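Structure first, then comments.
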Amino acid sequence: MIRYALKRLWLGAIIISFALMMMFAMVYLIPGDPASVALGPRATPEMKEALRERMGLDQPVWRQFTNFYGSALRGDLGTEVLSNRPVLDVVMEQLPFTLALIVGGITWSVALGIPLGCIAAVRRGGFVDQVIGVLSVAMIAVPSFVIAIYSLLVFAVALQWLPAIGAGEPGNIASQLQHLILPSLAVGLGWIGYISRMVRASMLETLEASHIRTARAFGLPEHRIIYTYALRIAVLPTITLLGVGIGHMLSSSVFAEIVFARPGIGKLVYEAISVRNYPIVSGAVLVTTVFFVLVNVAADIVVGLLDPRVRSSFS
Amino acid sequence: MRRIMREPLGAIGLTLVAVVVLSAVFASILTGYTPSKISPAERFASPSLLHLLGTDHLGRDLFTRVLYGGRVALLIALGSTAVSLLVGVVLGLIAGYGPRWLDNVLLLVFDAVKSFPTVMLALTLVTLFGPSLYAVVVVVMLVNVPGYARIIRTQTLVLKSAEHVMAARSMGASAGRILRVHILPNIIGPILILVSMDIPVVVAIEAGMSFLGLGVRPPTPSWGAILNDGFANIRDSYWIVIAGGLPIVLTTLGFTFFGETLRDLFDPRLKGRT
């Protein structure tokens, strides 16, 4: 087990350093001198020279590369030129908003996905099962940004039930939750489908298990068998599925943040690209990649703990 | 074909796919307007007999843009999927049949590429090379190739020690010939079904990137770009986002329903894969 965990961590480390390399290449490959880009067209040659020196651009490439790597490992992602604040601070400020969105998405997908999958399994082959099946596939298929825009149109613009933009008043939990409902639905909808299919499948498998047969033989009421004995085991695989889900929700949250004008990492990157604020772009992409890799490694290790077969297939 | 139509889901899927494909192919017959023609006098016209889906902020006919946008979406989906498949097959065969160290390196690369969040990958690439059709194709490849290559690799490893491959090798067949004649035909079937199920994902990537302004450049009609135009005017002109989103919904649903039915009918073993 420890060997498996170490192997996963090693792969994670490789991916992160690969990401770092890409970030460096990004700053280096961009057409034009980063210092001139940052200072704008009216800068004097002296100002440019001073900034170049401060950014370390006057040193040879390999030196810049090792500098970049060393400071990144120390958590120093450089300074944002416009406000003169550390990039990491700017990015970290936005992270809680994105995390809230992802937690909201998980809440939606678990709260609706597990019951739907459970009902489908109990009504196996019936009309309800088929309807849930089609619904699940549909929720998986339709892209989240279309869901985001359509739910904005229906619930915020047409019906005006829920707020359309922003993350709510700071400090006011009720208002923040209200602002979270639609964006997190857009983020989590596809995963309602995934989880309901997963729960249905594992529920059907569990219902065949011998301890369920024993419970039946003892004459326990059917609802007790299903909800206390079977469901408890059948939801286990969802935990690991969510590990993958968090990464995907990270991608959808970019769209949700833009559509609902919420603060967050996605919106930060998107806006930084349009004003060519490259340090922010590379910093934010790096932070999300590290987050994504860590979540995936954690999920893989949890799967390894729960299921020894996975461990052996990896080596 | 008849078996697909007998399944209700398959019938719906096939019909939707047919509608989308035919309307894209016959776009120029189905509408009298040109997709990029601007007519300021008809800005923000709501849907009517003259403009079935209304017009956008430049007075362009949305029905026409949706039809031509379908061409763009389908061509990109088919083209980039085909390229991904080709690259995936070649890399998978090399990993499966080549030397052990190369296999390990390739596996590491596949895992590394798969570990990046898709949208972040797209944003980085576009920052580097600027928004374009090629950026979309590259993103699709980076998303799809590792998965295809992995499956091909596993299948190749299994077949590598099959009797007919051993026989061919003992008769002095070259590695290229063995891969081409004895291995590839045996593994391409199941992968084609998987690939067809990825079409809706690719359509979503193209539309999503164009929605963010990172994909196809204006004035080329694209469903994602229409959505973006509509999103800016969502409070007054709701029909623009409806026109942009509906084809995306119908296409992704159609291809998904069709693909699921196809897979269940031909290869139930693949069921756990998605």
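Just so you know, all these numbers are worked out from the coordinates, no wet-lab data involved. Keep in mind that what you see is a predicted model, and the values were worked out from it rather than measured. Using ideal geometry, Cβ is built from the backbone for each residue, glycine included, and neighbour counts are taken over all protein chains shown.
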- Note on the structure: Applying the gyration tensor rule to the Cα atoms of chain A (axes a ≥ b ≥ c; rounded if a/c under 1.5, else prolate if a/b exceeds b/c, else oblate), the class is oblate
- Message: For chain B, set up a GNM with springs between Cα atoms under 10 Å and report which of B:Ala11, B:Ala77, B:Ala112 has the largest fluctuation.
- Response: B:Ala112
- Message: For region B:202-239 and region B:29-99, what is the centre-to-centre distance using only Cα atoms, to the nearest Å?
- Response: 10 Å
- Can you give the relative contact order of chain A as a percent, counting alpha carbon pairs under 8 Å and 6+ residues apart? 26 percent
- Let me know the mean shielding of B:194-201 by other chains, meaning the per-residue number of their Cβ atoms within 10 Å of its Cβ. 1
- Rounded to whole Hz and in sequence order, give me ³J(HN,Hα) for region A:237-253 from the Karplus expression 6.51 cos²θ - 1.76 cosθ + 1.60, θ = phi - 60°, writing x for Gly and Pro. x, 4, 4, 6, 4, 5, x, 5, x, 4, x, 5, 5, 4, 5, 5, 5
- Expressed as a whole-number percentage, the relative contact order of region A:72-180 with C-alpha contacts under 8 angstrom and at least six residues apart is 12 percent
- Only helices counted: for chain A, with every DSSP H run of 4 or more residues adding -39500 (n - 2.57) and the sum spread over all residues, [θ] at 222 nm is -25000 deg cm²/dmol
- Normalised contact order of region A:203-315, rounded percent, pairs of Cα under 8 Å and 6 or more residues apart: 21 percent
- Message: To make sure I understand, if each residue's beta carbon is the centre and we count other beta carbons within 10 Å, what order do A:Val302, B:Val195 fall in, fewest to most?
- Response: A:Val302, B:Val195
- Query: For region B:108-175 and region A:128-183, what is the separation of their Cα centres, given in Å?
  - Reply: 35 Å
- Provide a whole-number value for the mean count of partner chain Cβ atoms within 10 Å of the Cβ atoms in peptide A:143-155. 6
- In the Gaussian network model of chain B, springs joining C-alpha atoms below 10 Å, which of B:Leu108, B:Leu14, B:Leu93 carries the largest mean-square fluctuation? B:Leu108
- Once amide H atoms are placed 1.01 Å from N in the peptide plane, what residues at a sequence separation of 5 or more from A:Thr79, or on another chain, have their amide H within under 5 Å of its amide H? A:Val87
- Residue by residue through region B:139-148, which ³J(HN,Hα) values in whole Hz follow from phi under the Karplus form 6.51 cos²θ - 1.76 cosθ + 1.60 (θ = phi - 60°), with glycine and proline marked x? 4, 4, 4, 4, 6, 8, 3, x, x, 4
- Note on the structure: Checking region B:1-104 for trypsin sites (Lys or Arg not before Pro) in a loop per DSSP with at most 15 other beta-carbon atoms within 10 Å yields B:Lys37, B:Arg43
- Name the residue, out of B:Asp111, B:Asp236, B:Asp103, whose mean-square fluctuation peaks in a Gaussian network model built on chain B with Cα pairs under 10 Å. B:Asp236
- Query: So what is the calculated 222 nm ellipticity per residue for chain B, using -39500 (n - 2.57) for each DSSP H run with n of 4 or more, over all residues, to the nearest 500 deg cm²/dmol?
  - Reply: -23500 deg cm²/dmol
- Across peptide A:243-255, how many C-beta atoms of other chains are within 10 Å of each residue C-beta, on average? 3
